[in-house]
There are 2 protein chains.
Amino acid sequence: MGAEIVAIGNELLLGETVDTNSAHVARCLGRIGVRVRRTTVVGDDRERLRAVLEEVCDRSRLVITMGGLGPTHDDITREVVAEVFDRRLLLDERLLSALKERFRRFGYEMPPANRSQAEIPEGARVIPNPHGTAPGLIIDDERTTVYVLPGVPVEMKALLDDAVLPEILAATDQQQPVIQSRVVRTVGIGESALAEELADLVAEAAPLEVAFLPHLGRVDVRVTAAGLPTAEAETRLAELTSAIADRAGRWYYGEDETTLSDAILEQLRDRGWTVAVAESCTGGGLGAALTEAPGSSDVFLGGIVAYSNNVKTSALGVSPMLLEEHGAVSEAVCRSMAAAIRERFGAAVGCAITGIAGPGGGTPEKPVGLVYCGVETPLDSKIRRLDYPGTRDAVRERATLSTMGLLLSMTRAENRSAEGAT
Amino acid sequence: MGAEIVAIGNELLLGETVDTNSAHVARCLGRIGVRVRRTTVVGDDRERLRAVLEEVCDRSRLVITMGGLGPTHDDITREVVAEVFDRRLLLDERLLSALKERFRRFGYEMPPANRSQAEIPEGARVIPNPHGTAPGLIIDDERTTVYVLPGVPVEMKALLDDAVLPEILAATDQQQPVIQSRVVRTVGIGESALAEELADLVAEAAPLEVAFLPHLGRVDVRVTAAGLPTAEAETRLAELTSAIADRAGRWYYGEDETTLSDAILEQLRDRGWTVAVAESCTGGGLGAALTEAPGSSDVFLGGIVAYSNNVKTSALGVSPMLLEEHGAVSEAVCRSMAAAIRERFGAAVGCAITGIAGPGGGTPEKPVGLVYCGVETPLDSKIRRLDYPGTRDAVRERATLSTMGLLLSMTRAENRSAEGAT
């Protein structure tokens, strides 16, 4: 089944906001065997939106629109969809009460403008939106089904997961060969080095396709099966992803939806270890990343953000002499930070980051982008020196990921040798 | 003049890569007075690409395509463009020598596959590509002009700046008005409430256009001038953004590229205040957000991530009795955290967050999404209670933004009253 995506909003068309929603929807549809044929971005212009919607409804049996469902004057999607399907807009009393109730819960009277969000095209079905005021809509006729979603990413994603994907999946003929993908995730190795490691697996992958998807600090390997019977696709995918995971070895951290945070927490939990962090240039980003996964409180105790040198000495206990002698951005201070947080918080594992995120603060000896990442476990202590140029954001993100990679490998390597020893 | 953008590539259509090129091109075109009417993303499929190109050439006098100019089998843009314009592909000998020379410079023989990159449609002009092997093309007929650019962002941007924008600008009547936009940023007020506050300004905005762009926890207001002489556009934009900023009052934090972190750091700097943070459910996200802006070390001292209750008492000094009596997620504990971090770190201002990010850990009395945000300054202390449902990520982000909004307003309000007092 082919689908089209329509992203609606002047901010997207004029380039003020990058349209990340369409990529998300396309990935999700791909996973359930629906291939996107075309994506169109159009502004908040009644005539042009109408033209686009008429074209896509003529061309495709499945359409997903995003955006233009807000309460303000330039939110026209509801009205234009109703026009294209030649339906009246009717006030949905239940929706209106739910909206009023939502505002009441937050202690407000519903503004009159929000009333329009309870108006839906005759015959359309409502997808409740627990995260916002704009409900989604499903409207169809003999040609096509249109899923009308809000543009705010968190709301769009929730409605997609809760209602749209399950319905499309149920409507898909399960016998039909679908596109299935698996993703093997790695951290700490570059794209071309990983491609070289996997060269023979990639060369012999057919009928599967392998693609390398580089991100800042980590690389995903996507394996896709298209046009194979479901059972065969699943077997082949399982075999190849497992071979890739083995080959990726210490850089491998998980598959599909597994995050680096998930992988680390699982290893720590297995090991019975707790962790605490001491951060400087990342300002709390490492702690935030480690606690992205639910249930992180099992193993994550907390941390100290030692941004100023004063805090490094007073709260964390790094020796002023060490700071004086080596400077805050140094292997010695990083090592001391990891040891100190471990001891202060009574954690099994201490992690530390100190670096120069820039754009200011660099010197010839210690340029912007110089970062030390350290991990101390009950068994071992390692410091990694990074020296990448890049924007402030990129340096901070890379420092966080690199420390997480180090943490994972030291936790896992020790798990393995511990297993070997028993 | 209206334009269309066509982004070509399976990786874009399937969502493996987010299309950031189109937004860049749209912004650049907007600056020279060209409005994008529609953006289409299409895959490496000959038939579908041909259909898209025929439609856009029929519809628009100016088209920019990106992608599909590489040397591999799925790079088909050159051929399909030649078909659509009914031209033959001819080998450009000069281009071929330049390509061979490029490879020689890097110490390689040119691979045979790259020969196709020297084939151009009859009558097309070549845009040399100093950053890669795929040259750009300009092809036109009586209907339309198509600029054919490579998809690699750094190459696309260089060709756009060097050749495409200057040519379009030269072709544009310089007397003709351009599109200019300004953005007013707000935090702490919902989209519809803000729209209501600004209703009369929006109603009288013409010939300017006003749009509300909601994000999680904050709303931007974009004001656009299209079809006005430059000087008049600037004056009108300045007047209206200033009126909107005034009206948005305590929710306003800046314009255009200003981030919330920028705005807060500037207020703190003006005030001569330092800040430290105590975080629980956000895991370090507040510190990370406050240090996004360069130069944050002027005022940001650091923080304690007190994820476990043990850390709340031992490192931060929250009384165990308080925790026992009220629970970790309570107004009393939040207040105590803000006071404690302020005192421990010797900061002028202490911020605190404690909440239940979920998905687990909620109870009927304290459901997932319940968060207390607190700020204590030398003059005042305020706690805000949030109670939003939502995903773990959304709860954490909202908690961070809400605390930043509170911090900004308390720093600014006090600045104002201090000014009033002198």
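The calculated Kirkwood hydrodynamic radius for chain B is 25.3 Å, given to one decimal from all distinct C-alpha pairs.
On the beta carbon distance between B:His326 and B:Asp380, with R0 = 22 Å, the FRET formula returns roughly 0.55. Relative to the longest principal axis of the Cα atoms of chain B, the long axis of helix B:392-421 makes an angle of roughly 70 degrees.
With 22 Å as the limit, write out which pairs from A:Lys100/B:Lys382; B:Lys312/B:Lys366; A:Lys312/B:Lys382; A:Lys312/B:Lys312 have Cα-Cα distances beyond it, or answer none. Before the final figure, lay out the partial values.
Working: A:Lys100/B:Lys382 28 Å; B:Lys312/B:Lys366 19 Å; A:Lys312/B:Lys382 28 Å; A:Lys312/B:Lys312 19 Å.
Beyond 22 Å between Cα atoms: A:Lys100/B:Lys382; A:Lys312/B:Lys382.
Shown here for segment A:92-173: chymotrypsin sites (Phe, Trp or Tyr not before Pro) in loop regions (DSSP other than H, G, I, E, B) with at most 16 other Cβ atoms within 10 Å, namely A:Phe106, A:Tyr108.
For A:Gly188, the amide hydrogen comes within under 5 Å of the amide hydrogens of A:Val219, counting only partners 5 or more places away or on other chains and with H modelled in the peptide plane. Across segment B:248-264, rounded Karplus estimates of 3J(HN,Hα) from the backbone phi angles (6.51 cos²θ - 1.76 cosθ + 1.60, θ = phi - 60°) give 5, x, 5, 8, 6, 10, x, 10, 6, 7, 4, 9, 4, 4, 3, 5, 5 Hz, Gly and Pro being marked x. Among A:Arg185, A:Arg222, A:Arg125, the residue with the largest mean-square fluctuation in a Gaussian network model of chain A, with springs joining Cα atoms closer than 10 Å, is A:Arg125.
Summarising the amide proton neighbourhood of B:Gly303: residues at separation of 5 or more, or on other chains, whose placed amide H is nearer than 5 Å comprise A:Val305, A:Ala306, A:Tyr307, B:Val277.
For the protein assembly as shown, what is one quarter of the convex hull surface built on the Cα atoms, given in nm²?
Values: hull surface 154.3 nm².
Computing the convex hull of the Cα atoms and averaging its projections yields 38.6 nm².
Could you calculate the contour length gain from A:Glu239 to A:Asp161, that is, 0.36 nm times the residue separation minus the distance between their Cα atoms, to one decimal place in nm? Spell out each step's value before the answer.
Working: separation 78, 0.36 × 78 = 28.08 nm, distance 2.80 nm.
Net length gain for the segment: 25.3 nm.
Full extension of the chain between B:Arg88 and B:Glu119 gives 10.2 nm of extra length, using 0.36 nm per residue less the Cα-Cα distance. Note on A:Glu343 and B:Glu257: with the Förster distance fixed at 56 Å, the Cβ-Cβ geometry gives a FRET efficiency of about 0.85. Each 10 Å bin from zero up to the one holding the largest Cα-Cα distance in segment B:158-218 carries the following percent of pairs: 16, 32, 21, 22, 8.
Count, for each residue of B:212-221, the Cβ atoms from other chains sitting within 10 Å of its Cβ, then give me the mean as a whole number. Don't jump to the answer; show the numbers that get you there.
Values: counts 7, 9, 10, 4, 6, 0, 0, 1, 3, 0.
The shielding value for this peptide is 4.
In this structure the amide hydrogen of B:Leu14, modeled in the peptide plane, comes within under 5 Å of no amide hydrogen from residues 5 or more places off or on another chain.
Here is the tail figure for segment A:178-255: Cα pairs spaced more than 13 Å apart come to 62 percent of all pairs. Summary of the geometry: segment A:88-123 and segment B:258-333, compared by the centres of their Cα atoms, lie 37 Å apart. Dividing the mean sequence gap of close Cα pairs (under 8 Å, 6+ apart) by how many residues segment A:2-171 holds gives a relative contact order of 23 percent. Contact order for chain A, expressed relative to its length and based on alpha carbon pairs under 8 Å spaced 6+ residues apart, stands at 10 percent.
Every read-out reported here was derived from the displayed coordinates using simple, explicitly stated rules and does not represent laboratory data. No experiment lies behind these values; they were computed from the predicted model shown. Backbone-built Cβ (ideal geometry, glycine too); neighbour counts: all protein chains shown.
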